[in-house]
């Protein structure tokens, strides 16, 4: 069975009133046929522009796109009628919200004013006004209270949609402030989805599930917008502790949907709950919407004897998952020695190599990577001694294949440090490729002083004659990666591949983010965040050349 989609985009939305990055801001994961990218735009305006560019590029390539947003697409049944809106309920509400919300480029918006007016229209002067609640205490809004009004039952407008009742922990779409304020995300998010849906470049081939498709697979649409809830999935099992939760969630869901699609099981996720009555299905399709992938209500997890849920009681660390075998037995004796003074450990180099890589393949979920990238991912995990770093791996379309082709053609390898250069297994390079590190060139100290930069960045200047078609391996200095990008942006030659693994607390994460956002056809493999190092950069080169990690 052919996959439904080629490109999967998952968006963690934010209703922040000022530009913001990092925790509780907008995170977007793009998962395409041979690559992945995570963006963290500071404003909704930038997020909308970024998504529009991504959709335009996908359309140009003839790809089908699934675009999921983590806020409700609908409200409890009766909302449109209580507002006095005409026409199909969902469309009337979307048009009303899109026409009322004013969202400025700096994220300043009028969502509380809009909710206040909705409450006025629905309550018709009866207090406490409902259905929305939650506003800053110092804000004056006659019909919008800071705290829950508890008036839904008496007001005959449900607090939650049916899907919200199925998803344990889901917040009501009327809540505008505080933890889980999905109401604000909905008011600021629907106008963006509606604008993207109606973009003249693809409006005839875009659909909103399930409003425009019904609760069924949208096989005719090229772009499909859907509501998702990342917390529904067990995303924490693959999270790197150093990664922002929002980033980990969007990456996990994008990879999960892509894997389900390849396995032929994503189709079933579009049908909604199998136990839905015909009436419930009509309400979901016409007004309340549904959350993609939710096919049955979630029950509360049973408590284990230790007090935690059974779901969290399963082994999560490598030491729990893999009990040591006879050849890897723990050290014995009071001082950790066997009788006779000899330690028990695996000694055969070939056996160590086989066992190490077998453990990496057992522990790592390699199915989330394209086949061409898996050998490189395995070697990175081996070099780091930690499969968790693979959760931070980012790459562009065709990156690994481009690197292998370049090395097979004899391309030069440009290293930012002697440690990277030393770690490359030169005897295994396919064409005896030159490994060039210019850091110790006598001209570098003077050049760095003249430019007011680091020696590592100055050393990149001497790469110019070798840069075209080269494989660049950066495992130390963020400034080297920044300078490389500046050279290319200024018209310098394009390398075949950039392996970006600078490490550190200052500039490393930012340099790697700049690499992933550079565009222009620059191919890369990198590790988001602070982690990196010479061993990883060298291991990446060795993986592409077919050699073992140095």
Breaking point among (1) over 27 Å from the mean Cα position of the chain (by Cα); (2) surrounded by 21 or more Cβ atoms within 10 Å (Cβ to Cβ); (3) in contact (Cβ under 8 Å) with a residue 60 or more places away in the chain, for residue 129: (3)
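To keep it simple, each residue is scored yes or no on (1) at pLDDT 75 or above; (2) under 30 Å from residue 250 (Cα atoms); (3) surrounded by fewer than 21 Cβ atoms within 10 Å (Cβ to Cβ).
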site	(1), (2), (3)
319	no, yes, yes
350	no, no, yes
359	yes, yes, yes
374	yes, yes, yes
380	yes, yes, no
392	yes, yes, no
Considering only strands (runs of 3 or more DSSP E) wholly within the range 1-45, the ones with at least 2 residues that are modelled with pLDDT under 95 are 27-32, 35-39
For the range 428-454, how many residues are closer than 17 Å to residue 411 by Cβ and part of a helix (DSSP H, G or I)? 1
Within the bounds of the range 505-521, is there any residue that is surrounded by fewer than 23 Cβ atoms within 10 Å (Cβ to Cβ), in a loop (DSSP other than H, G, I, E, B), more than 21 Å from the chain's Cα centre (by Cα) and at pLDDT 95 or above? no
Considering each residue of the range 240-284, count those that are more than 19 Å from the chain's Cα centre (by Cα) and not in a loop (DSSP other than H, G, I, E, B), and give that number. 13
Hey, can you tell me all the residues within the range 190-204 that are without any contact (Cβ under 8 Å) to a residue 40 or more places away in the chain and touching a helix residue (DSSP H, G or I) at 6+ places or on another chain (Cβ under 8 Å)? 203
Looking only at the range 53-82, filter to residues that are assigned to a helix (DSSP H, G or I) and out of contact with any helix residue (DSSP H, G or I) (no Cβ under 9 Å at 6 or more places or on another chain); which one of those is surrounded by the fewest Cβ atoms within 10 Å (Cβ to Cβ)? 60
Given (1) in contact with a strand residue (DSSP E or B) (Cβ under 7 Å, 6 or more places away or on another chain); (2) closer than 28 Å to residue 285 by Cβ; (3) free of Cβ contacts under 8 Å to residues at least 40 places away in the same chain, where does residue 87 come up short, assuming only one miss? (1)
Is it true that residue 400 is closer than 16 Å to residue 539 by Cα, outside the structural domain of residue 32 (by TED's automatic domain parsing) and without any contact (Cβ under 8 Å) to a residue 24 or more places away in the chain? no
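From the list 50, 85, exactly one residue is assigned to a loop (DSSP other than H, G, I, E, B), over 25 Å from residue 177 (Cα atoms) and assigned by TED's automatic domain parsing to the domain that holds residue 173. Which is it?
Sole residue among the options that is assigned to a loop (DSSP other than H, G, I, E, B), over 25 Å from residue 177 (Cα atoms) and assigned by TED's automatic domain parsing to the domain that holds residue 173: 85.
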So if I check each of 151, 184, 123, which one is within 18 Å of residue 84 (Cα to Cα), touching a residue at least 12 places away in the same chain (Cβ under 8 Å) and either in contact with a helix residue (DSSP H, G or I) (Cβ under 6 Å, 6 or more places away or on another chain) or not assigned by TED's automatic domain parsing to the domain that holds residue 82 (or both)? 123
Those residues of the range 214-239 which are within 16 Å of the chain's Cα centre (by Cα) and either free of Cβ contacts under 8 Å to residues at least 60 places away in the same chain or more than 25 Å from residue 172 (Cα to Cα) (or both), in sequence order: 235, 236, 237, 238, 239
For the list (1) in contact (Cβ under 8 Å) with a residue 60 or more places away in the chain; (2) under 31 Å from the mean Cα position of the chain (by Cα); (3) exposed (fewer than 15 other Cβ atoms within 10 Å of the Cβ), I need the number of the one condition that residue 427 fails. (2)
Would you check if residue 457 is outside any loop (DSSP other than H, G, I, E, B), without any contact (Cβ under 8 Å) to a residue 40 or more places away in the chain, surrounded by 21 or more Cβ atoms within 10 Å (Cβ to Cβ) and in the same structural domain as residue 482 (by TED's automatic domain parsing)? yes
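The values are calculated or read from the model by the stated rules, or taken from the named source; none is laboratory data. This structure is a prediction, so every number in the text was calculated from the model and none was measured. Cβ coordinates were reconstructed from backbone atoms using ideal geometry, including for glycine residues, and neighbour counts include every protein chain displayed.
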